[in-house]
Amino acid sequence: MSVTLYLAIPCYNEEAVLPETARRLREKFAELRADGRITDASRICFIDDGSRDRTWELIAALHDADRVFSGIKLTRNRGHQNALLCGLMTLRDRADCVISMDADLQDDINAIGEMLDRFAEGCDVVYGVRSRRETDTAFKRRSAERFYRVLRALGADVVFNHADYRLMSRRALDALSEYGEVNLFLRGLVPLVGYKSGVVYYARGERFAGESKYPLKKMLSFAWEGVTSLSVQPLRCITRLGVLMFFVSIVMLIWFLIRHVTGHTVTGWSSLAVSIWAIGGLQLLALGVVGEYVGKIYLEAKGRPRYRVETLLDDREDVGA
Ligand code: UDP
Ligand code: MG
């Protein structure tokens with residue numbers, strides 16, 4: 001079966017990796033075309049997420065040299081998830097299926113064939129799952145695995161060790177388009193779409209050039225985005241904590257009454273001081289968590305556009321959009 005496949009690849013300041021990435025993907029595409037797996041209308045699309053280096057010039061040059069490359073330029077940097085969503089939404093009417101991946105090719109492109117197999121077997125979503133993470137630092141590996149576990153424990157349906165390397169069929173993308181949230185955590189949203197899904201395992205390689213665009217600070221805020229976008233458990237925890245504190249205060253009250261009756265009222269300054277700080281801290285924390293959710297409601301209520309396309313380079317202008 002020959003399908004029209006689009007690759008959606010968000011790029012932010014990726015001039016160091018783009019030429020090599022483009023070369024490897026073009027080879028892969030030629031191989032897939034020769035095997036009759038994909039049609040001639042298939043494209044490799046780079047989405048420039050408002051890069052400040054020569055990324056867009058490189059994409060435009062690739063498109064000029066070979067029509068297998070297409071490009072989308074966002075008006076400004078909107079972050080990986082928004083750039084990816086922009087790619088998926090812009091390309092969905094042009095393709096039978098779209099595969100999303102990172103520009104640094106840490107995701108093994110040889111898994112594409114297997115993803116297409118699963119698609120041919122009727123899967124609408126195929127998740128690329130890292131079979132091992134040896135190339136990540138021990139810290140990144142451990143924190144990432146713990147993160148998936150926490151998300152699961154909080155009731156979010158995420159695929160373990162799956163990032164954003166996945167194939168989605170056109171109808172799955174159509175379904176995804178109906179999720180209008182601005183607080184985006186795609187890997188948590190896609191399972192909500194439903195449909196039959198499959199998994200392909202691959203070994204994650206190292207970034208071959210350039211630097212990671214996900215420093216620790218961005219990683220932590222992304223993790224928090226994931227938790228708060230998919231789960232209201234932190235709010236429930238506050239309620240539980242409140243109930244617990246209520247019982248503790250009853251016990252304390254009884255204890256203080258006993259002390260009062262037995263004539264020990266003046267001592268106990270330290271326990272008093274400690275409890276003021278402890279409860280004050282807890283209240284601030286609880287308020288902060290509630291505030292985070294209120295902030296999200298505020299952002300959602302404004303319903304601002306999640307991305308804006310400045311230029312679209314694709315020779316198949318006749319289709320869709
Ligand atoms: N990226 C993006 N916008 C951003 C940050 C990153 O489009 O604001 C892209 C980046 O170009 C890459 C992908 O997101 O294609 C993943 O980033 P990276 O490889 O740096 O993350 P890591 O693999 O280190 O987690
Ligand atoms: Mg990477």
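Here are the numbers for this structure:
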| read-out | value |
| --- | --- |
| Single residue of the stretch 96-112 satisfying the filter (small (Gly, Ala, Ser) and in contact with a helix residue (DSSP H, G or I) (Cβ under 7 Å, 6 or more places away or on another chain)) that is modelled with the highest pLDDT | 100 |
| Cross-chain or 6+ apart pairs with Cβ under 6 Å, the stretch 284-299 first and open to solvent by 60 Å² or more (accessible area, probe 1.4 Å), then assigned to a helix (DSSP H, G or I) | 292/228 |
| Set 192, 173: member being outside any loop (DSSP other than H, G, I, E, B) and touching a Lys or Arg at 6+ places or on another chain (Cβ under 6 Å) | 173 |
| Cross-chain or 6+ apart pairs with Cβ under 6 Å, the stretch 252-263 first and within 18 Å of residue 276 (Cβ to Cβ), then of a type in the set (Phe, Trp, Tyr) and at pLDDT 85 or above | none |
| Enumeration of residues in the stretch 151-170 that are part of a helix (DSSP H, G or I) and either closer than 24 Å to residue 98 by Cβ or open to solvent by less than 70 Å² (accessible area, probe 1.4 Å) (or both) | 151, 170 |
| Some residue of the stretch 40-54 being among the polar types (S, T, N, Q), within 16 Å of ligand 1 (Cβ to nearest atom) and touching a residue at least 60 places away in the same chain (Cβ under 8 Å) | no |
| Within the stretch 22-135, helices (runs of 4 or more DSSP H) holding 3 or more residues that are crowded, with 21+ Cβ neighbours inside 10 Å and in contact with a Cys (Cβ under 7 Å, 6 or more places away or on another chain) | none |
| Filter result for the condition that a residue is under 22 Å from the mean Cα position of the chain (by Cα) and either surrounded by 10 or more Cβ atoms within 10 Å (Cβ to Cβ) or part of a helix (DSSP H, G or I) (or both), over 229, 249 | 229 |
| Qualifying positions in the stretch 178-216 - more than 16 Å from ligand 2 (Cβ to nearest atom) and surrounded by fewer than 13 Cβ atoms within 10 Å (Cβ to Cβ) | 178, 180, 192, 194 |
| Close pairs from the stretch 76-102: first more than 13 Å from residue 50 (Cα to Cα), partner of a type in the set (Val, Ile, Thr) and assigned to a loop (DSSP other than H, G, I, E, B), Cβ under 6 Å, at least 6 apart | 94/319; 95/4; 96/4 |
| Of residues in the stretch 136-150 being of a type outside the set (Phe, Trp, Tyr) and open to solvent by less than 50 Å² (accessible area, probe 1.4 Å), the one modelled with the lowest pLDDT | 136 |
| Residue among 223, 172 that is within 16 Å of ligand 1 (Cβ to nearest atom) and within 27 Å of residue 108 (Cβ to Cβ) | 223 |
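The values are calculated or read from the model by the stated rules, or taken from the named source; none is laboratory data. The structure presented is a predicted model; accordingly, all values stated were derived computationally and were not measured. Please note: Cβ atoms are built from the backbone with ideal geometry, for glycine as well, and neighbour counts cover all protein chains shown. Accessible surface areas use protein heavy atoms only, side chains included; no ligands, DNA or RNA. Shrake-Rupley method; radii C 1.70, N 1.55, O 1.52, S 1.80 Å.
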